[in-house]
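Everything below concerns the one structure shown next.
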Amino acid sequence: MKKFLFLAPLFLLVICANAQQLSQVTFAKGAAVSSIAFLTDQGVLIRMTEEGKIIEWGTEVKAFRYDVYAPALQPFAGRVDYYGARSRFCIER
């Protein structure tokens, strides 16, 4: 029973830690970070500003002949839900 109580949280931690990874960091004017991009487990790239605002999301397009990616992302083909400012609260009355 003690092994289960140790392994269950460890298993959940490993699953959550593998959900996304840092993919790109864009610098502007030397050492100033202009954007950070995370790659999700579905292959979606999410670009964010240093303050945490989402710039764009989608998939990268690679050129056929060269190992170069397009600067703009293709739109995500899956479902996208938008939530308002009031959605931060668990219970709305």
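Quick one: in region 32-45, which of the residues that are β-branched (V, I, T) and more than 10 Å from Q20 (Cα to Cα) is surrounded by the most Cβ atoms within 10 Å (Cβ to Cβ)?
For region 32-45, the residue satisfying everything is I36.
Could you check region 46-63 and list, in sequence order, the residues that are open to solvent by less than 70 Å² (accessible area, probe 1.4 Å), charged (D, E, K, R) and assigned to a loop (DSSP other than H, G, I, E, B)?
E60 - this is the single residue of region 46-63 that is open to solvent by less than 70 Å² (accessible area, probe 1.4 Å), charged (D, E, K, R) and assigned to a loop (DSSP other than H, G, I, E, B).
The values are calculated or read from the model by the stated rules, or taken from the named source; none is laboratory data. All figures in this text were calculated on a predicted structure; none of them were measured in a lab. Counting neighbours? That spans all protein chains shown, and the Cβs are built from the backbone with ideal geometry, glycine included. Heavy atoms of the whole protein, side chains included, go into the accessibility calculation; ligands, DNA and RNA do not. Shrake-Rupley method; radii C 1.70, N 1.55, O 1.52, S 1.80 Å.
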